[in-house]
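FYI, it's all coordinate maths here, none of it is from the lab. Predicted, not measured: the structure shown is a model, and the values here were computed from it. Using ideal geometry, Cβ is built from the backbone for each residue, glycine included, and neighbour counts are taken over all protein chains shown.
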There are 4 protein chains.
Amino acid sequence: MARIKQTDRQQILDQTRRRLLEAAADEFARAGFSDANINTISIAAGFSKGTIYNYFPSKRALLLALVDEIALQHIAFIQEQVLLESDPLLRLERFYQAGFDFVTASLPRARILFNLINGSDEKFKAYVFIAYQPMFNFVANEILARGVEQGQFRLVEPAPTAMLLMTIYLGTASQRNDEGQAWLDPAQVSALVLHGLQK
Amino acid sequence: MARIKQTDRQQILDQTRRRLLEAAADEFARAGFSDANINTISIAAGFSKGTIYNYFPSKRALLLALVDEIALQHIAFIQEQVLLESDPLLRLERFYQAGFDFVTASLPRARILFNLINGSDEKFKAYVFIAYQPMFNFVANEILARGVEQGQFRLVEPAPTAMLLMTIYLGTASQRNDEGQAWLDPAQVSALVLHGLQK
Amino acid sequence: MARIKQTDRQQILDQTRRRLLEAAADEFARAGFSDANINTISIAAGFSKGTIYNYFPSKRALLLALVDEIALQHIAFIQEQVLLESDPLLRLERFYQAGFDFVTASLPRARILFNLINGSDEKFKAYVFIAYQPMFNFVANEILARGVEQGQFRLVEPAPTAMLLMTIYLGTASQRNDEGQAWLDPAQVSALVLHGLQK
Amino acid sequence: MARIKQTDRQQILDQTRRRLLEAAADEFARAGFSDANINTISIAAGFSKGTIYNYFPSKRALLLALVDEIALQHIAFIQEQVLLESDPLLRLERFYQAGFDFVTASLPRARILFNLINGSDEKFKAYVFIAYQPMFNFVANEILARGVEQGQFRLVEPAPTAMLLMTIYLGTASQRNDEGQAWLDPAQVSALVLHGLQK
DNA sequence: TATGAATGAGAGTTCATTCAT
DNA sequence: AATGAATGAACTCTCATTCAT
């Protein structure tokens with residue numbers, strides 16, 4: 001009995017936390033960190049202002065928790081897609097395709113990410129890079145290093161090149177019109193990158 | 001006599017405006033629009049709070065005035081550099097080189113630009129794009145269209161491709177370490193882009 | 001239980017609102033709208049500055065809420081007193097007596113009213129007239145029209161004459177010395193008005 | 001020669017002062033003391049901000065100088081009109097007629113007066129009453145005392161009754177519609193007052 | 001005499017955060 | 001666990017006043 005109750009309680013806690021994070025994502029995407037409003041978030045989540053502070057110690061911590069979540073989802077989604085292919089060239093194409101798909105599907109969350117990376121708060125920026133470290137490593141090892149080994153890519157240094165690919169991804173995928181459609185086509189971007197990487 | 005006085009006064013006005021814009025550039029770069037502090041700006045410029053409002057009607061107007069100034073300098077600098085070459089391929093290289101140089105030389109101003117473009121305030125974003133329209137046109141006409149005409153580039157559509165080049169430029173040039181050094185090399189970026197554009 | 005809590009909370013809300021309005025009445029009476037200080041009001045009410053904005057969206061809205069309250073009290077008090085008599089002549093006397101009594105008892109609130117009516121903000125003025133419409137109607141119908149019907153008053157038009165009586169009331173009752181005593185005697189005023197209305 | 005120059009200079013000074021006072025009258029009438037804007041006044045007068053402070057030591061002093069001027073004009077106009085008649089009854093009618101005429105002709109200045117009298121600044125109020133002392137005396141002596149002596153008025157005390165007449169005048173004459181037309185007719189008001197004063 | 005750039009105290013308002021319930 | 005009334009520091013913006021020219 002007690003254990004069941006315990007479980008129920010945990011579920012309620014998780015669900016509240018989830019709703020708060022969802023609402024926070026929308027608000028942070030809409031307004032950025034400084035202009036995001038804690039009250040707006042709590043109301044959108046269906047709770048009152050105080051509840052947020054039962055789950056997150058501060059507005060800043062709320063955003064960081066959201067970054068963690070976004071990074072996990074983002075990395076998992078891209079890895080999953082990329083690993084469907086084994087050829088490094090196809091993996092690269094998949095990488096851009098999956099990246100654009102992720103941004104399309106999760107535009108508010110992606111916007112938060114881009115805002116933070118190109119924003120002026122260095123602490124946020126550093127936090128994001130740490131959270132995305134697995135993705136950098138994945139691109140470097142599973143796409144670039146393999147392509148170089150197999151002789152499909154020029155002899156590039158995996159680490160800085162991974163950064164280049166990521167930067168191009170973020171820069172191109174983030175440009176959207178009012179309906180959320182990308183200005184650029186991922187195939188166009190990966191074609192361009194592939195030309196650059198091939199011998 | 002009267003004319004001299006008039007001139008003096010105008011010079012003082014211009015100089016004050018200049019110092020305010022310089023200080024504003026630093027502060028907006030450091031903190032972004034919302035967290036930038038009017039008081040900090042005026043103190044840094046050597047004036048008191050109220051003086052800003054003798055020159056700009058609001059914090060927002062101050063930033064927009066700065067955007068105008070940055071865009072003019074930015075566009076002029078890049079055009080000047082690019083036009084030193086006549087070959088479209090070399091022009092493209094110059095474009096990235098000049099772009100990276102501009103960011104290096106005017107990092108705070110470039111940061112403001114990137115923040116606005118990737119930020120959440122749609123009005124700021126629209127304003128920036130209008131201010132940079134001449135640059136888009138320049139890239140489309142003086143680099144891409146010429147390269148296509150002369151058979152050096154694939155048959156790309158100048159307008160969206162100009163946007164792609166700009167996006168890649170902004171995305172790559174803006175990534176800097178703490179000392180302001182670019183993570184990426186402009187030659188690397190233009191090589192990649194060139195590979196993508198060539199037949 | 002829950003209902004009691006609910007009630008308690010509502011009582012606290014009402015009480016805070018009440019204290020804010022009381023303090024606001026004193027401050028607006030002392031200084032007029034423009035020179036009234038939000039901080040002074042909240043401190044006098046025993047709260048901090050921000051609390052006012054949990055109850056009223058702006059300084060202006062605070063004053064308008066106060067006007068609503070004053071008008072309701074004012075009208076109710078005068079109607080109650082006037083309706084103690086049925087003879088229109090006696091009603092007129094009661095009207096001035098009650099009016100002067102109201103001003104004596106609620107001098108700060110009355111001052112706010114007079115300030116607004118004779119002030120330069122047309123929006124405030126219009127708001128006050130709308131709030132006092134019931135009083136104009138009451139004087140026109142329950143005093144003047146009846147007196148004319150019963151042949152005690154000259155054949156005057158009720159509406160503009162009601163305005164005249166109100167104007168004389170406001171003009172005379174508002175003149176007070178430092179101790180809040182009226183310069184004029186309401187009996188004197190109503191005698192004068194009665195002479196003017198009788199055949 | 002020197003004396004002529006001196007005269008010219010004095011004329012310029014007087015004219016500037018005059019234009020400043022005219023502009024100040026409009027602005028104080030429009031907005032009341034607190035919301036009146038020194039810059040608006042100086043621009044309307046065709047001068048710059050600083051000039052006001054060459055003529056008046058402060059915004060407050062500017063208003064007081066204006067009050068002096070208004071009172072002098074006001075009193076002179078009413079005395080002149082009233083003294084055209086010798087019969088106290090006709091003088092009383094003239095008093096209200098002239099009063100309403102003055103307000104009609106000098107609405108901004110009259111508004112300033114009414115605002116101050118019914119406003120919340122006690123110092124302004126006291127200043128106005130001192131400036132209008134000659135008018136109170138004039139009404140008491142030249143209208144009321146004479147009417148009582150000649151047996152046309154009831155045996156009223158001149159001083160408080162003068163105050164009553166003035167208060168009624170100010171209260172009634174100040175109510176104007178958007179085109180500046182009085183809500184009430186001065187004949188109506190003086191008829192009412194006369195009924196009250198006659199035996 | 002007239003100017004207007006500079007000042008800076010002070011205003012209303014916002015909002016992340018606290019905490020008693 | 002959830003609430004929301006209260007807080008008060010911080011913010012942008014206003015404007016009467018000063019003073020060097």
- Query: Name the residues in region B:5-44 that are of a type in the set (D, E, K, R) and within 12 Å of DNA strand E (Cβ to nearest atom), would you?
  - Reply: B:LYS5, B:ASP8, B:ARG9, B:ASP14, B:ARG17, B:ARG18, B:ARG19, B:ASP35
- Within the group B:LEU107, B:LEU62, B:LEU72, which residue is in contact with a Gly (Cβ under 6 Å, 6 or more places away or on another chain) and under 25 Å from B:PHE124 (Cα atoms)? B:LEU107
- Task: Restricting attention to region B:63-102, report how many residues are buried (at least 16 other Cβ atoms within 10 Å of the Cβ) and outside any helix (DSSP H, G or I).
- Result: 0
- Message: Please return the ranges of helices (runs of 4 or more DSSP H) entirely within region A:106-199 where 3 or more residues are on the phi < 0 side of the Ramachandran plot and within 13 Å of chain B (Cβ to nearest Cβ).
- Response: A:107-118, A:122-131, A:158-173, A:186-197
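What tally of residues in region A:39-50 results from selecting those that are crowded, with 16+ Cβ neighbours inside 10 Å and in contact with a helix residue (DSSP H, G or I) (Cβ under 6 Å, 6 or more places away or on another chain)?
5
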- Task: Look at A:ARG146 and say whether it is over 30 Å from B:GLY180 (Cα atoms) and either in contact with an Asp or Glu (Cβ under 7 Å, 6 or more places away or on another chain) or of a type in the set (A, V, I, L, M, F, W, C) (or both).
- Result: no
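Per-residue answers, yes or no, for (1) touching a residue at least 12 places away in the same chain (Cβ under 8 Å); (2) within 14 Å of another protein chain (Cβ to nearest Cβ):
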site	(1), (2)
C:ALA25	yes, yes
C:ARG30	yes, yes
C:ALA36	yes, yes
C:ALA44	yes, no
C:ILE52	yes, no
C:PRO57	no, no
C:VAL67	yes, no
C:LEU83	yes, no
- So B:ALA61 fits all but one of (1) away from chain A (no Cβ under 14 Å); (2) small (Gly, Ala, Ser); (3) touching a residue at least 12 places away in the same chain (Cβ under 8 Å); what number is the exception? (3)
- Message: Any residue at all in region D:61-79 that's under 18 Å from the mean Cα position of the chain (by Cα), of a type in the set (Phe, Trp, Tyr) and away from DNA strand F (no atom under 12 Å from the Cβ)?
- Response: yes
- Does C:PHE47 count as in a helix (DSSP H, G or I) and out of contact with any Gly (no Cβ under 6 Å at 6 or more places or on another chain)? no
